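Chemist: Sharing a structure with you now.
The values are calculated or read from the model by the stated rules, or taken from the named source; none is laboratory data. Not measured: the values here are computed from a predicted model. Cβ atoms come from the backbone with ideal geometry, glycine included; neighbour counts cover every protein chain shown. Quick note on the areas: whole protein, heavy atoms, side chains included, nothing else; ligands and nucleic acids left out. Shrake-Rupley method; radii C 1.70, N 1.55, O 1.52, S 1.80 Å.
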Amino acid sequence: MPLLEGRTGIIFGVANKRSIAWAIAQSLAREGMRLAFTYQGERLKEGVESLSSTIPGSLLLACDVTNDAEIDAVFGEVGKQFGRLDALVHSVAFAPREDLENEFVKTSRDGFKLAHDISSYSLVALSRAAMPLMLQNGGGSVLALTYYGAEKVVEGYNLMGVAKASLEASVRYLAANLGPQNIRVNAISAGPVNTLAARGIKGFTEMLKHHAERAPLRRSVELEEIGNAGLFLISSMSSGITGEVMFVDCGYNIIGL
Ligand code: NAP
């Protein structure tokens, strides 16, 4: 029997077929999970719709994660349609381009607030909204996406590194808070992948090349590998793991010099 037969999940952050969220969705769907997808604004609707329509029984809903009313509406609809929720995938991040490109010391107050709201606080807001549905079936699993720039300084990552540090701390605090109710919260720290969001990072192509040359596996991570790691952290195969940030980066993070 497929690992996730009869289970349901919601995925935030599919922009197109190269999105990490889409790779995770495909791994979850392969194991029988029924999925709801959200998109931000009409611009992306058509693309996400054509992807989600390839997964039978899936739902498509609009949600800007900075908008509490939209978050409530999304989980209300998921409750109505699915009647339960086992998984939440948070694969959303944003920082204004000028705040990524400027010297870090010049980061704007508004940019700082927006980057933290979309890339970090949203994990707290979405987990809170998912909780009642997860508790109906005795718990659930939450997964977020982060990057090495949360721990170490990566040129060009700037404000997003600080927002990811906040996201990783939120993973730990949420895991401690929700663990007694059997809701697990983990993150994947993915190696660089060429996606829409990644193109906002100055020097991303060089970053990708450097990573492939230095990583112990001497290559970049494949989207499918991140998808399968997501499946592991969502499924009961990882039932004893919570509050963890797991690197899926071909080993890059273990290298000192
Ligand atoms: P992506 O395909 O561009 O996905 C990012 C998603 O975030 C997009 O769907 C984007 O929608 C969404 N988003 C931004 N602001 C939003 C808002 N206010 N409300 C709802 N959704 C919003 O890029 P990705 O690389 O797969 O990124 C997914 C996650 O992986 C992010 O957390 C990223 O930081 C993380 N990550 C990426 C890499 C990498 O190298 N690519 C490495 C490690 C971690 P819009 O296009 O409409 O803004």
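Chemist: Which ³J(HN,Hα) values, rounded to whole Hz and listed in residue order, are derived for segment 116-133 from phi using the Karplus coefficients 6.51, -1.76 and 1.60 in 6.51 cos²θ - 1.76 cosθ + 1.60 with θ = phi - 60°, glycine and proline given as x?
Modeler: Karplus values, whole Hz, x for Gly and Pro: 6, 5, 6, 8, 10, 4, 4, 5, 5, 4, 6, 5, 4, 5, 6, 3, x, 6.
Chemist: While we're looking at this one, here's another question. Based on the inverse mean of 1/r over its pairs of different Cα atoms, what is the Kirkwood hydrodynamic radius of segment 130-257, in Å? If you can, show how the numbers build up before the last one.
Modeler: On the way: mean 1/r = 0.0644 Å⁻¹.
Computed over Cα pairs of segment 130-257, the Kirkwood hydrodynamic radius comes out at 15.5 Å.
Chemist: Okay, next question. Using amide H atoms built 1.01 Å from N in the peptide plane, name the residues 5+ places from THR146, or on other chains, whose amide H lies under 5 Å from its own.
Modeler: Under 5 Å from the amide H of THR146: ILE188, SER189, ALA190.
Chemist: Over the chain, what is the mean sequence separation of C-alpha contacts under 8 Å (at least six apart), divided by residue count, expressed as relative contact order in percent?
Modeler: Values: 492 pairs, mean separation 50.6, N = 257.
Value for the chain: 20 percent.
Chemist: Per residue, how much accessible surface does the chain expose to a 1.4 Å probe? Answer in Å², no decimals.
Modeler: On the way: 12110 Å² over 257 residues.
Result: 47 Å² per residue.
Chemist: Taking a virtual spin label 7 Å from the Cα of ILE255 along the C-beta vector, which residues in segment 151-188 bring their backbone nitrogen under 19 Å of it?
Modeler: Answer for segment 151-188: 151-157.
Chemist: Quick one, can you get me the convex hull of the C-alpha atoms of segment 54-175 expressed as volume per residue in Å³? Don't skip to the answer; put the middle values down first.
Modeler: Working: hull volume 14.8 nm³, N = 122.
Measuring per residue, one finds 121 Å³ for the Cα hull of segment 54-175.
Chemist: If I model a spin label as a point 7 Å beyond the Cα along the Cα-Cβ vector, how far apart are those points for ARG218 and ASP72 in nm?
Modeler: 5.7
Chemist: Same structure, new question: Give, in whole angstrom and from largest to smallest, the semi-axes √(5λ) of the equivalent ellipsoid of segment 8-250, with λ running over the eigenvalues of the Cα gyration tensor. Write down the numbers at each step before the final one.
Modeler: On the way: eigenvalues 144, 76, 68 Å².
Values for segment 8-250, descending: 27, 19, 18 Å.
Chemist: How many nm separate the modelled label positions at ARG43 and ASP64, each set 7 Å beyond the Cα in the direction of the Cβ?
Modeler: 1.1
Chemist: List, in order, the whole-Hz ³J(HN,Hα) value for each residue of segment 186-200 obtained from phi through the Karplus relation with A = 6.51, B = -1.76, C = 1.60 and θ = phi - 60°; use x for Gly and Pro.
Modeler: Along segment 186-200, the couplings run 9, 9, 9, 9, 8, x, x, 10, 6, 10, 4, 5, 5, 5, x Hz.
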